[in-house]
Amino acid sequence: MTELPEIPFSRPHRAAAEDRYVLDALAGGRTAGDGPYTRRAAALLGGLVGGGTALLTTSCTHALEMTALLLDLAPGDEVVVPSFTFVSTANAYALRGAVPVFADCRPDTLCLDPRAVEAAVTPRTRAIVAVHYGGVGSDLAALAKIAESAGATLVEDNAHGLGGGYGDRPLGAIGALSTLSFHATKNIQCGEGGALVLHDPALAARAEVIREKGTDRSRFFRGEVDRYRWQELGSSYLPSDILAAVLTAQLEEFGAIQARRHAIWDSYDRELADWAAGHGVARQRVPAESRHTAHLYALLLPDAAARAGLLAHLAAAGIRAATHYQPLHSSPAGLRYGRVGPGGCPVTTDVADRLLRLPLSADLTEADVARVVTAVRGFRPGPS
Ligand SMILES: *Cc1c(COP(=O)(O)O)cnc(C)c1O
């Protein structure tokens, strides 16, 4: 039997116009930030996040750091974040001396549990950061209400959720600030990249300054001031137009990329439903009001041993599956810089040990998907 090629967990899709746009950006000599491709990419993004101002950034991590600067966080201020998320969701605020307060997630959607958020709020709470895990919308109505009564800003870490929706709104349009990632592992990617989306013109004007080293250089380039000066704290958060060229090509294929990812996600969900139900395996729940983005396909095995077993079983079949986030509240830096909300994060600790993600990339073939489905169905979790 010839050995089948390995199915990677994730592989960046190559957009057709990428090479041409990159060469054009290089040939045009406009390789710094905020060139013509940055404008094209930002305009395409605006259409997907319900308008507002979309500022391309060097990463989602940097977009989150910009939210911390925009919020003028001071030492001792608190920001409620999930424990079940990527480190940047908390690190961005700890960098400014604020205290990340870790709240637990719901066991079904794996997004923030509003009851845990409510319990974690104190008079020092300045922001609540929702992460739409896998592009499944958090309980945004409840979180917006909690934020409002706490006098805190709702931020969406929308790294997984470009093009998703909650009710009749796009994800990223409900929080005053939202962030996107175009890291190589995301649905739309340029290697390293991100964006900050703002819906308040005053905040957008400040964000433009923060992103340009704390200067009003953007206004200078528009001819609105005759020299630019240091205005406030900032950094260099704008990506080269060469990367924006890649991103423009990717965003132009957004519909096709998403259609392919949804087809794969739907195949997994349909073909594995009986197997999951028969073996005590749970799937991430997508609430009726949520339109997800097929960013990842997650299975919750009965226990850590069953997950290790399925990972090994798939690896033996040449299929790379993956675990996901390690809880932040019990991580070395989480313990040092943050604090856990009342009740702790027992759901996060539990799901982090049992969750497994199946391969999901736009370029997986029907045959690849069938191979994954067959391999998963051939695994029997349970007493070994
Ligand atoms: C990927 C990711 C980030 C960080 O994105 P970068 O663009 O790599 O900085 C932040 N938050 C979440 C939820 C992510 O998945």
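Length gain on complete extension for the stretch Ala256 to Ala32, per 0.36 nm per residue less the alpha carbon to alpha carbon distance? Show your work: numbers first, answer last.
Numbers: separation 224, 0.36 × 224 = 80.64 nm, distance 2.94 nm.
Stretched fully, the Ala256-Ala32 segment lengthens by 77.7 nm.
May I ask you to evaluate 6.51 cos²θ - 1.76 cosθ + 1.60, the Karplus curve with θ = phi - 60°, for each residue of region 209-218 and list the ³J(HN,Hα) values in order in whole Hz, giving x for glycine and proline?
Those phi angles translate into 6, 4, 6, 9, 6, x, 10, 9, 4, 4 Hz.
What is the Rg over Rh value, at two decimals, for region 18-252, using alpha-carbon atoms and the Kirkwood definition of Rh?
For region 18-252, the value is 0.98.
Roughly how far apart, in whole Å, are the Cα centres of region 258-304 and region 177-233?
36 Å
Can you work out the base-10 log of I(q)/I(0) for region 254-377 at q = 0.13, 0.14, 0.18, 0.21 1/Å, using the Debye formula on its C-alpha atoms alone?
With one equal scatterer per Cα and no solvent, log10 I(q)/I(0) is -0.61, -0.69, -1.02, -1.23.
Taking the Cα atoms only, what angle lies between the long axis of helix 18-28 and the longest principal axis of the chain, rounded to 10 degrees?
Roughly 20 degrees, rounded to the nearest 10.
Filter the GluC sites (Glu not before Pro) in region 157-237 down to the DSSP loop ones having no more than 14 other Cβ atoms within 10 Å, then list what survives.
Details: sites: Glu192, Glu208, Glu212, Glu224, Glu232; in loops: Glu192, Glu224, Glu232.
The qualifying sites are Glu224, Glu232.
Quick one: among Gly175, Gly344, Gly223, which has the greatest mean-square fluctuation in a GNM of the chain with alpha-carbon springs under 10 angstrom?
Ranking Gly175, Gly344, Gly223 by mean-square fluctuation puts Gly223 first.
Under the 0.36 nm per residue contour assumption, what length would be gained going from the current alpha-carbon distance of Ser236 and Asp266 to full extension?
Numbers: separation 30, 0.36 × 30 = 10.80 nm, distance 4.02 nm.
Computed gain between Ser236 and Asp266 is 6.8 nm.
Please report, in debye to the nearest 20, how large the charge dipole of region 41-169 is about its Cα centre when each Lys and Arg carries +1 at its beta carbon and each Asp and Glu carries -1 there.
Numbers: 7 positive and 13 negative charges, 21 e Å.
With Lys and Arg at +1 and Asp and Glu at -1, about 100 debye.
So if I take the alpha carbon set of region 1-119, get Rg, then get Rh from the Kirkwood formula, what is the Rg over Rh ratio?
Numbers: Rg = 20.0 Å, Rh = 18.2 Å.
With Rh from the inverse mean 1/r over Cα pairs, Rg/Rh is 1.10.
Hey, any idea what % of the chain's accessible area is carbon plus sulfur with a 1.4 Å probe?
Values: 8890 of 15980 Å².
For the chain, the apolar C and S fraction of the accessible surface comes to 56 percent.
Rounding to the nearest 20 debye, state how big the charge dipole of the chain is about its Cα centre with +1 on each Lys and Arg Cβ and -1 on each Asp and Glu Cβ. Before the final figure, lay out the partial values.
Working: 37 positive and 41 negative charges, 59 e Å.
Charge dipole, the chain, about its Cα centre: 280 debye, nearest 20.
Report the extension gain between Arg380 and Asp200 in nm, rounded to one decimal, defined as 0.36 nm multiplied by the number of residues separating them, less their alpha carbon distance. Display every interim value, and only then the final one.
Working: separation 180, 0.36 × 180 = 64.80 nm, distance 5.19 nm.
Gain in length upon complete extension: 59.6 nm.
Please give the per residue accessible area of region 1-78, computed with a probe of 1.4 Å over protein heavy atoms only, in Å².
On the way: 3920 Å² over 78 residues.
It amounts to 50 Å² per residue over region 1-78.
Antiparallel versus total DSSP beta bridges in region 18-252: what percent is that, nearest 5?
Working: 15 of 31 bridges.
Of the beta bridges lying entirely in region 18-252, close to 50 percent run antiparallel.
Taking trypsin sites (Lys or Arg not before Pro) that fall in a DSSP loop and have at most 11 other Cβ atoms within 10 Å as cut points, what is the longest piece of the chain between them?
Working: sites that count: Arg222, Arg227, Arg229.
Here the longest run is 1-221.
Skipping prolines and chain starts, which residues have an amide H placed within reach, meaning under 5 Å, of the one on Ile7, given they are 5 or more residues away or on another chain?
Residues meeting the criterion, in which the H sits 1.01 Å from N, are Ile319, Arg320.
For region 317-329, in order, what is each residue's ³J(HN,Hα) by Karplus, 6.51 cos²θ - 1.76 cosθ + 1.60 with θ = phi - 60°, in whole Hz (x at glycine and Pro)?
8, x, 10, 8, 9, 9, 7, 9, 3, 8, x, 6, 5
Nearest 500 deg cm²/dmol is fine: what mean residue ellipticity at 222 nm does the chain get from its DSSP H runs of n ≥ 4 alone, each adding -39,500 (n - 2.57), divided by its residue count? Can you show the working numbers first?
Details: 14 runs with 153 residues, N = 384.
Theoretical 222 nm ellipticity from helices: -12000 deg cm²/dmol.
Could you tally the net charge around Val79, taking each other residue with its Cβ under 12 Å from the Cβ of Val79, Lys/Arg +1 and Asp/Glu -1? Walk me through the numbers before you get to the answer.
Working: positive: Arg96, Arg124, Arg126, Arg339; negative: Asp77, Glu78, Asp157.
Taking every other residue near Val79 into account, the sum is +1.
Mind checking which of Ala25, Ala141, Ala120 has the largest fluctuation in a GNM of the chain, springs on alpha carbons under 10 Å?
Maximum among the listed residues: Ala141.
When the Cα centres of region 310-324 and region 35-89 are compared, how far apart do they sit, in Å?
About 33 Å separates the Cα centre of region 310-324 from the one of region 35-89.
Taking the Cα atoms only, what angle lies between the long axis of helix 140-150 and the longest principal axis of the chain, rounded to 10 degrees?
So the helix axis and the longest Cα principal axis differ by about 50 degrees.
Just to confirm the number: angle between the C-alpha axis of helix 304-316 and the first principal axis of the chain, 0 to 90 degrees, nearest 10?
Between helix and principal axis, roughly 90 degrees.
The values are calculated or read from the model by the stated rules, or taken from the named source; none is laboratory data. Small disclaimer: the values here were computed from a predicted structure and weren't measured. Cβ: placed from backbone, ideal geometry, glycine included. Neighbour counts: every protein chain shown. SASA here: full protein model, heavy atoms, side chains in, ligands and nucleic acids out. Shrake-Rupley method; radii C 1.70, N 1.55, O 1.52, S 1.80 Å.
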